[in-house]
Every structure is written in C-alpha cells, then in structure tokens.
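Student: The structure follows.
The values are calculated or read from the model by the stated rules, or taken from the named source; none is laboratory data. Because the structure is predicted, anything quoted here is derived from the model rather than measured. Here the Cβ positions follow ideal geometry from the backbone for every residue, glycine too, while neighbour counts run over all protein chains shown.
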Amino acid sequence: MAYTGEVEVGGPPDVHELTDLIITKAAVGPMDNNAYVLRCRATDEQLLIDAAAEPHTLLEVIGADGIGAVVTTHRHRDHWQALAEVVAATGARTYAGRLDAPALPVPTDVPVDDGDTISFGRIRLTARHLVGHTPGSIVLVYDDPHGHPHVFTGDCLFPGGVGNTHDDPAAFTSLLTGVTAKLFDVLPDESWVYPGHGRDTTLGDERPHLAEWRERGW
C-alpha cells in the first residue's frame with residue numbers, strides 16, 4: 001500500500017519506502033506523538049527519532065535488529081518519555097540539540113549544533129537548529145539523492161503553521177524566521193515533512209501560507 005503518514009495510537013505504523021532508506025512512522029500515547037524508525041537499506045542499521053512514549057511499542061517497531069542511535073528533537077517531556085527505557089534496551093547512542101540536551105533524562109552522547117551531520121549506515125541526516133519552540137530544537141533533513149528531501153521537524157513545523165511559541169512574540173518571530181531561512185528558502189516544494197504530531201505535509205503545501213502565519217502571529 002502507498003504511504004499516507006496517517007497513523008493513530010494503538011494502530012499499525014505506516015512505512016515509507018525510499019530507494020536507500022525505509023521510514024517507519026508510529027503514533028504513541030498519551031499525547032499522540034509520532035516516532036520514526038529509519039533503516040538504511042544497504043546496511044540495515046537503524047536510527048530512532050523521538051523515543052516519545054510506550055517503550056514496548058517502540059521496541060516492537062525497532063525489532064530484533066535494534067538501533068544504533070536515537071535522536072531527540074527537543075526537550076519537551078512528551079518527546080522523551082520512553083528514552084531511558086529504549087536506550088537501556090538497545091544501547092543506542094544518544095543525540096540532541098546542544099541547548100536542550102541538559103534537560104533530557106539520560107546523558108546525551110553527542111550534542112548537536114546547526115549543520116551537524118548524523119550518520120547511520122550510508123544515510124546522512126543534516127541537523128538544523130531552530131529557536132522558538134524550545135531553545136535547542138533541531139530538525140533533521142535527509143537529502144535523498146534519488147528524489148526530494150525528507151524533513152523531520154519535531155514540533156517546529158506542522159501542517160498549518162509553526163510549533164507553539166506560548167504567546168511569546170519574540171519566540172514566534174525567531175521560529176518562523178528560522179523555519180523560513182533554513183527550510184523554505186533552501187529546500188524545494190516537494191520536500192516531505194514528518195512532524196512530531198499528526199499528519200505529514202510538504203513544504204509546497206505550506207509555503208503559500210507563510211505571510212498569513214506571520215500576520216496572525218502564531
């Protein structure tokens with residue numbers, strides 16, 4: 001079946017099969033978070049983005065091959081509730097944005113800065129640091145050599161707007177400016193967006209609304 005990105009807590013994951021990479025998206029409770037298991041086709045090495053909750057569910061999606069790394073997109077608790085259990089079960093190396101890493105419940109092996117590369121197997125992800133939702137949020141960009149980019153945005157970008165900036169105008173301006181400069185200004189419309197909650201989107205679907213978001217202030 002074709003990938004839709006439509007998942008729900010308690011339901012099956014959805015799988016997006018690319019030429020070099022397999023992306024498995026699962027929803028976990030209690031806050032309907034998305035977690036993503038990425039598998040390099042060439043080596044079968046895996047990486048998890050956001051050990052959000054339900055460690056048993058995530059470990060089932062990960063499977064017997066385990067994971068070599070887990071990346072936490074930002075410090076908010078709903079994105080790391082299963083982190084300690086998943087790391088204990090897999091021995092995975094931990095990555096997180098440098099400014100958010102101290103708030104996580106397990107030590108971060110590799111603090112991540114803007115432009116850093118996270119590699120597993122033959123896959124390379126580029127981290128972009130965005131300030132506004134939290135001080136140290138990161139998004140991850142996979143520039144597919146056989147197609148368009150794929151972007152894992154945590155809580156920085158969703159269908160319909162940027163992430164929650166808690167009615168702070170400076171934080172909102174920072175986040176929208178960062179998303180515009182580091183994603184919309186440099187990536188094509190076809191770029192697929194995998195957010196931390198809810199359904200997927202593309203940069204092309206969201207690009208026409210940037211001015212509207214700035215005007216409304218959220």
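Student: Identify, please: which residue in the stretch 88-102 is crowded, with 18+ Cβ neighbours inside 10 Å and of a type in the set (A, V, I, L, M) and is, among those, farthest from residue 78 (Cα to Cα)?
Tutor: 92
Student: Another question, then. Mind checking which residues of the stretch 108-146 are closer than 19 Å to residue 93 by Cβ, of a type in the set (D, E, K, R) and in a strand (DSSP E or B)?
Tutor: 124
Student: So, residue 71, is that one within 22 Å of residue 179 (Cβ to Cβ), surrounded by 24 or more Cβ atoms within 10 Å (Cβ to Cβ), at pLDDT 95 or above and in contact with a Leu (Cβ under 8 Å, 6 or more places away or on another chain) or not?
Tutor: Here the answer is yes, as residue 71 does meet what is asked.
Student: Find the residue count for the stretch 183-218, including only residues that are under 18 Å from residue 133 (Cβ atoms) and in contact (Cβ under 8 Å) with a residue 60 or more places away in the chain.
Tutor: So the answer is 5.
Student: Next up: For residue 173, indicate whether it is among the polar types (S, T, N, Q) and under 19 Å from the mean Cα position of the chain (by Cα).
Tutor: It is false that residue 173 is among the polar types (S, T, N, Q) and under 19 Å from the mean Cα position of the chain (by Cα).
Student: Do we have residue 41 as surrounded by fewer than 22 Cβ atoms within 10 Å (Cβ to Cβ), under 16 Å from the mean Cα position of the chain (by Cα), modelled with pLDDT of 95 or more and of a type in the set (Lys, Arg) here?
Tutor: No: the conditions fail for residue 41.
Student: Among the candidates 133, 148, 129, single out the residue that is under 14 Å from residue 73 (Cβ atoms), of a type outside the set (A, V, I, L, M, F, W, C), at pLDDT 95 or above and surrounded by fewer than 22 Cβ atoms within 10 Å (Cβ to Cβ).
Tutor: On inspection, the qualifying residue turns out to be 129.
Student: Filter the stretch 22-37 down to the residues that are in contact with a Gly (Cβ under 9 Å, 6 or more places away or on another chain) and touching a residue at least 60 places away in the same chain (Cβ under 8 Å), then identify the one that is surrounded by the fewest Cβ atoms within 10 Å (Cβ to Cβ).
Tutor: 32
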